[in-house]
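Report on the structure given below.
The values are calculated or read from the model by the stated rules, or taken from the named source; none is laboratory data. What you see is a predicted model; the values in this text were computed from it and never measured. So basically every Cβ, Gly included, is an ideal-geometry build from the backbone, and we count neighbours across all protein chains shown. When the accessible area is computed, the model is the full protein with side chains, heavy atoms only, and any ligands, DNA or RNA have been set aside. Shrake-Rupley method; radii C 1.70, N 1.55, O 1.52, S 1.80 Å.
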Amino acid sequence: MVKTRFAPSPTGFLHIGGVRTALFSWLYARQQKGQFVLRIEDTDRERSTQASVDAIMDGMHWLGLDYDEGPIYQTQRFDRYKAVIDQLLAEGKAYYCYASQEELDQMREAQRERGEKPRYDGRYRDFTGTPPQGVKPVIRFKNPQEGSVVIEDLVKGPITVANSELDDLIIARSDGTPTYNLTVVVDDWDMGMTHVIRGDDHINNTPRQINLYQALNAPVPKFAHIPMVLGSDGARLSKRHGAVSVLQYKEEGFLPEALLNYLVRLGWSHGDQEIFTLEEMVAHFSLEAVNTAPSTFNEEKLLWINQQHIQTTPLSNLTANLKPFMDERGLDTEQGPSLAAVADLLRERARTLVEMADSARYFYSEFDEFDPVATKKHLRPVAETPLHTLRDKLARLEDWSAKPIHECVQTTAAELEVGMGKVGMPFRVAITGGGQSPSIDATAELIGQSRCLARMDRALAVIEVRKSQNG
Ligand code: GLU
């Protein structure tokens, strides 16, 4: 059975690049009917924070990236790492290295002067003498010196690295704590990972990790290294590029499935299809179709994808996602039209739930004033008669629904021998406060008869004042 994991270090937000890695691991597990594990790599105690762990879990929860196991914390597994390190020492596959910092600095300096790549020269690899006084040793892994390592990368293809390129890596620091390369191998082995899917910033670690698996007689998992996400300036995506935490996209009114859709397309394709439901992503995802080149983050495209999802997602889902934005604005959706009906009307135009909630205000609360630009243009003295005539017809309407409302606008225009716009626009400004709204009859239907009539009276009063000002 396929088993994958997401293994973030909780040293900051869950950002777009991290989510993309998590998504690819999750999709692969789900599509293979396997398992997905969340592992928190918190061995760096100084930089790891609970706030970051919470942000990672909140982000994954919001996105629906559920896990079958975890969160497993590496800090709870120190005993196990120690046992493995002891075993490697006992088997002569690891050794204490007493080189001091100065010694290592000097060694690297000399290598640089000779035009060589700086690397640990293995000076304590076969050391049997008396250890120097006062140095707390690190523990290094005896990397094989002959042959080479082949990574059969499922995204990048085979990559061969000569062992002569790899120095003896530190597996335990001088305070005894294990390092990343050791813990990740022990965990992926113990937890039965079949596929390690991660960012290609780790690709240099992979040959060293493969050597460790072999030294431990552990099965080597398959690897898939996902290219980085770059900002529009070509640099690796970072805080400089605007939104940092994935939860910021939640606040900005993105649907989780839209963000996932955007991220899956960032580095993966399925023909020329752009819009995917979650089910479609799971059904079609494959590691072979992941791009080998880095991809560039594009906020405009994210907005476009969000808009597509707003238009096509089941109405109940849209409404559930919109509701918190209404609450945040203090709009009581119990008083007024059904939020689902409002969402359905507004979904054509909104790019985000924030835009949608902002446009939905006038369905649930009175606006303070009519938009000045729209007022200047449409609530003019010449609009008085059309608005009055329409108001009278609407006041008599018994079936308050879009079609008869539309007919009232039509007959008003016909009677006064003016274009529909001369009636429709003042009507729109009167009942919505501004010059833009979805189709005005459907909008009026949802706002309701008494609210519409009261707002039309208010608009007529504005026109009245304006008439008197104009003399
Ligand atoms: N903890 C590592 C990171 O956050 C990931 C390790 C891995 O996926 O192997 O970069």
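Tallying residues that are surrounded by 16 or more Cβ atoms within 10 Å (Cβ to Cβ) and basic (K, R) within region 240-282 yields 2.
For residues in region 145-159 being of a type in the set (D, E, K, R) and touching a residue at least 24 places away in the same chain (Cβ under 8 Å), which is surrounded by the fewest Cβ atoms within 10 Å (Cβ to Cβ)? Lay out the reasoning, then the answer.
We begin by selecting, within region 145-159, every residue of a type in the set (D, E, K, R); these are 146, 152-153, 156.
Now drop any that are not touching a residue at least 24 places away in the same chain (Cβ under 8 Å), which leaves 152-153, 156.
Working: E152: 12, D153: 18, K156: 17.
Here the answer is E152.
Looking across region 16-29 at every residue that is within 11 Å of the ligand (Cβ to nearest atom) and open to solvent by 10 Å² or more (accessible area, probe 1.4 Å), the one that is modelled with the highest pLDDT is identified as T21.
Mind listing just one residue for me: the one in region 192-206 that is touching a strand residue (DSSP E or B) at 6+ places or on another chain (Cβ under 6 Å) and not hydroxyl-bearing (S, T, Y) and, of those, farthest from the ligand (Cβ to nearest atom)? Among those that are touching a strand residue (DSSP E or B) at 6+ places or on another chain (Cβ under 6 Å) and not hydroxyl-bearing (S, T, Y), it is G192.
For D167, the conditions (1) out of contact with any Lys or Arg (no Cβ under 6 Å at 6 or more places or on another chain); (2) away from the ligand (no atom under 16 Å from the Cβ) are fulfilled apart from (1).
Of the residues making up region 453-468, not a single one is part of a helix (DSSP H, G or I), touching a Gly at 6+ places or on another chain (Cβ under 7 Å) and within 20 Å of G336 (Cβ to Cβ).
For residues in region 1-15 being among the hydroxyl-bearing types (S, T, Y) and near the ligand (Cβ under 9 Å from one of its atoms), which is surrounded by the fewest Cβ atoms within 10 Å (Cβ to Cβ)?
Quick first cut of region 1-15, residues among the hydroxyl-bearing types (S, T, Y) only: 4, 9, 11.
Filter again for near the ligand (Cβ under 9 Å from one of its atoms), leaving 9, 11.
On the way: S9: 17, T11: 13.
Among residues in region 1-15 that are among the hydroxyl-bearing types (S, T, Y) and near the ligand (Cβ under 9 Å from one of its atoms), the one surrounded by the fewest Cβ atoms within 10 Å (Cβ to Cβ) is T11.
Which is more than 30 Å from P324 (Cβ to Cβ), of a type in the set (A, V, I, L, M, F, W, C) and touching a Cys at 6+ places or on another chain (Cβ under 6 Å), of L453, L394?
Values: L453 fails: touching a Cys at 6+ places or on another chain (Cβ under 6 Å).
Step by step, each of L453, L394 is checked, and only L394 is more than 30 Å from P324 (Cβ to Cβ), of a type in the set (A, V, I, L, M, F, W, C) and touching a Cys at 6+ places or on another chain (Cβ under 6 Å).
Filter region 208-219 down to the residues that are open to solvent by 60 Å² or more (accessible area, probe 1.4 Å) and in a loop (DSSP other than H, G, I, E, B), then identify the one that is nearest to V155 (Cα to Cα). This residue is P219.
Conditions tested, residue by residue: (1) in contact with a Leu (Cβ under 9 Å, 6 or more places away or on another chain); (2) near the ligand (Cβ under 10 Å from one of its atoms).
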residue: K33; (1), (2): no, no
residue: G59; (1), (2): yes, no
residue: Q74; (1), (2): no, yes
residue: F78; (1), (2): no, no
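Scanning region 141-152 for residues that are over 20 Å from Y96 (Cα atoms) and within 14 Å of the ligand (Cβ to nearest atom) turns up at least one hit.
I'd like to check something: does region 52-68 contain any residue that is open to solvent by 50 Å² or more (accessible area, probe 1.4 Å) and within 22 Å of P137 (Cα to Cα)? Explain how you work it out, then say what you get.
Applying the first criterion (open to solvent by 50 Å² or more (accessible area, probe 1.4 Å)) to region 52-68 yields 54, 58, 61, 66-68.
Then keep just the ones that are within 22 Å of P137 (Cα to Cα); that gives none.
For region 52-68, residues open to solvent by 50 Å² or more (accessible area, probe 1.4 Å) and within 22 Å of P137 (Cα to Cα): absent.
Taking the conditions exactly as written (more than 16 Å from the ligand (Cβ to nearest atom), open to solvent by 40 Å² or more (accessible area, probe 1.4 Å) and out of contact with any helix residue (DSSP H, G or I) (no Cβ under 9 Å at 6 or more places or on another chain)), does G234 satisfy them or not? So G234 passes the test.
Among the residues of region 103-148, just one is aliphatic (A, V, I, L, M) and touching a Leu at 6+ places or on another chain (Cβ under 8 Å), namely I139.
Within region 30-49, the set of residues being modelled with pLDDT of 95 or more and either under 19 Å from the mean Cα position of the chain (by Cα) or open to solvent by 30 Å² or more (accessible area, probe 1.4 Å) (or both) comprises R30, Q31, Q32, K33, Q35, F36, V37, L38, R39, I40.
Just so you know, in region 182-191 the residues that are open to solvent by 10 Å² or more (accessible area, probe 1.4 Å) and touching a residue at least 40 places away in the same chain (Cβ under 8 Å) include one that is farthest from the ligand (Cβ to nearest atom), and it is D190. Here V135 qualifies as among the hydrophobic types (A, V, I, L, M, F, W, C), over 27 Å from Q74 (Cα atoms) and either modelled with pLDDT under 95 or buried (at least 16 other Cβ atoms within 10 Å of the Cβ) (or both). Considering region 2-15, and only residues there that are touching a Gly at 6+ places or on another chain (Cβ under 7 Å) and over 14 Å from D66 (Cα atoms), the residue that is modelled with the highest pLDDT turns out to be V2. For residues in region 220-230 being away from the ligand (no atom under 13 Å from the Cβ) and open to solvent by less than 20 Å² (accessible area, probe 1.4 Å), which is modelled with the lowest pLDDT? It comes out as V229.
Under 18 Å from F141 (Cα atoms), open to solvent by 10 Å² or more (accessible area, probe 1.4 Å) and under 33 Å from the mean Cα position of the chain (by Cα) - does that describe any residue in region 169-176? Can you show your working first?
Narrowing region 169-176 to residues under 18 Å from F141 (Cα atoms): 169-176.
So of that shortlist, the ones also open to solvent by 10 Å² or more (accessible area, probe 1.4 Å) come out as 169-170, 173-176.
Retained after the next criterion (residues that are under 33 Å from the mean Cα position of the chain (by Cα)): none.
For region 169-176, residues under 18 Å from F141 (Cα atoms), open to solvent by 10 Å² or more (accessible area, probe 1.4 Å) and under 33 Å from the mean Cα position of the chain (by Cα): absent.
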